[in-house]
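The structure follows.
The values are calculated or read from the model by the stated rules, or taken from the named source; none is laboratory data. Note that the structure is a prediction, hence the values are computed from the model and not measured. Every residue, glycine among them, receives a Cβ derived from its backbone with ideal geometry; neighbour counts consider all protein chains shown. All accessible areas refer to the heavy atoms of the entire protein, side chains included, with ligands and DNA or RNA removed. Shrake-Rupley method; radii C 1.70, N 1.55, O 1.52, S 1.80 Å.
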Amino acid sequence: MSDIIPRPKPRPGPESLPYWQAAREHRLSLPKCDNCEKFWFPPSASCPHCLSSQFSFLPVSGFGKVFSHVTFHRVYRAAFAERVPYVVALVELEEGPRLLTNIVGIKPEDVTCEMPVEVVFEDIDAEASIPLFRPRGSC
Ligand SMILES: [Zn+2]
């Protein structure tokens with residue numbers, strides 16, 4: 001059996017670097033506005049709710065629900081050849097933001113909208129980890 005080709009590594013920009021550094025430590029941390037106190041994703045230089053540029057990266061629960069999902073059966077990148085079929089989903093966190101991610105630890109056909117999920121981290125290598133989601137309470 002061949003080795004699985006690792007996922008492409010994230011290439012953080014200045015705005016997303018704190019997000020990826022936290023992910024490497026298996027923590028989910030998102031920008032939260034100092035003015036309106038809302039979280040958002042993806043990271044950006046100003047709050048999309050009120051346009052304030054004052055914010056901090058703060059931890060979130062890692063709990064959410066599947067907002068929408070689709071199952072990929074076709075191999076678009078070699079790194080995913082061993083993974084098909086896999087689920088690409090929008091997960092809505094309890095704090096509000098929606099993350100584009102994969103649902104793991106469940107058969108694709110069993111994934112449903114509104115399904116409770118929790119974050120889990122996949123290590124790409126010693127420098128990078130990716131936040132994924134699995135059914136809540138599974139391990
Ligand atoms: Zn704001």
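Checking residue 114 against (1) without any contact (Cβ under 8 Å) to a residue 60 or more places away in the chain; (2) surrounded by 12 or more Cβ atoms within 10 Å (Cβ to Cβ): exactly one of these is not met. Which one?
Going through (1) without any contact (Cβ under 8 Å) to a residue 60 or more places away in the chain; (2) surrounded by 12 or more Cβ atoms within 10 Å (Cβ to Cβ) one by one, residue 114 breaks only (2).
Let me ask something else. Any chance you could count how many residues in segment 75-110 are open to solvent by 60 Å² or more (accessible area, probe 1.4 Å) and among the small types (Gly, Ala, Ser)?
Summing the residues that are open to solvent by 60 Å² or more (accessible area, probe 1.4 Å) and among the small types (Gly, Ala, Ser) in segment 75-110 gives 2.
Please tell me if residue 8 is under 25 Å from residue 135 (Cα atoms), in a loop (DSSP other than H, G, I, E, B), away from the ligand (no atom under 16 Å from the Cβ) and open to solvent by less than 80 Å² (accessible area, probe 1.4 Å).
So residue 8 passes the test.
A further question on this structure: State all residues of segment 16-32 that are more than 20 Å from residue 118 (Cβ to Cβ) and either at pLDDT below 95 or open to solvent by less than 50 Å² (accessible area, probe 1.4 Å) (or both); if no residue qualifies, say none.
16, 18, 31
Shifting gears a bit: Restricting the first residue to segment 126-139 and requiring it to be under 16 Å from residue 27 (Cα atoms) and without any contact (Cβ under 8 Å) to a residue 40 or more places away in the chain, which pairs with a second residue that is among the β-branched types (Val, Ile, Thr) and not in a loop (DSSP other than H, G, I, E, B) meet a Cβ separation below 9 Å and a spacing of at least six or different chains?
The qualifying pairs are 132/101; 132/103; 132/119; 132/120; 134/103; 134/117; 134/119; 134/120.
Now for a different question. Does residue 72 qualify as being away from the ligand (no atom under 16 Å from the Cβ), touching a strand residue (DSSP E or B) at 6+ places or on another chain (Cβ under 7 Å) and not basic (Lys, Arg)? Reasoning before the result, please.
Numbers: away from the ligand (no atom under 16 Å from the Cβ): yes; touching a strand residue (DSSP E or B) at 6+ places or on another chain (Cβ under 7 Å): yes; not basic (Lys, Arg): yes.
Answer is yes for this residue.
Another one. With respect to the numbered conditions (1) within 16 Å of the ligand (Cβ to nearest atom); (2) part of a loop (DSSP other than H, G, I, E, B); (3) of a type outside the set (Lys, Arg); (4) buried (at least 16 other Cβ atoms within 10 Å of the Cβ), which one is the sole condition not fulfilled by residue 35?
(4)
Looking only at segment 38-70, count how many residues are touching a Pro at 6+ places or on another chain (Cβ under 7 Å), open to solvent by less than 50 Å² (accessible area, probe 1.4 Å) and without any contact (Cβ under 8 Å) to a residue 40 or more places away in the chain.
1
Of all the strands (runs of 3 or more DSSP E) wholly in segment 49-139, which have at least 1 residues that are within 19 Å of residue 17 (Cα to Cα)?
On the way: elements: 55-59, 63-72, 86-93, 98-103, 116-123, 129-135.
Result: 55-59, 98-103, 116-123, 129-135.
Can you pull out every residue in segment 25-74 that is over 13 Å from the mean Cα position of the chain (by Cα) and on the phi > 0 side of the Ramachandran plot?
Correct list: 37, 51.
If you scan segment 75-100, which residues turn out to be at pLDDT 95 or above and either within 13 Å of the ligand (Cβ to nearest atom) or hydrophobic (A, V, I, L, M, F, W, C) (or both)? Give the derivation first.
First, the residues of segment 75-100 that are at pLDDT 95 or above: 85-100.
87, 88, 89, 90, 91, 93, 96, 97, 99, 100 - these are the residues of segment 75-100 that are at pLDDT 95 or above and either within 13 Å of the ligand (Cβ to nearest atom) or hydrophobic (A, V, I, L, M, F, W, C) (or both).
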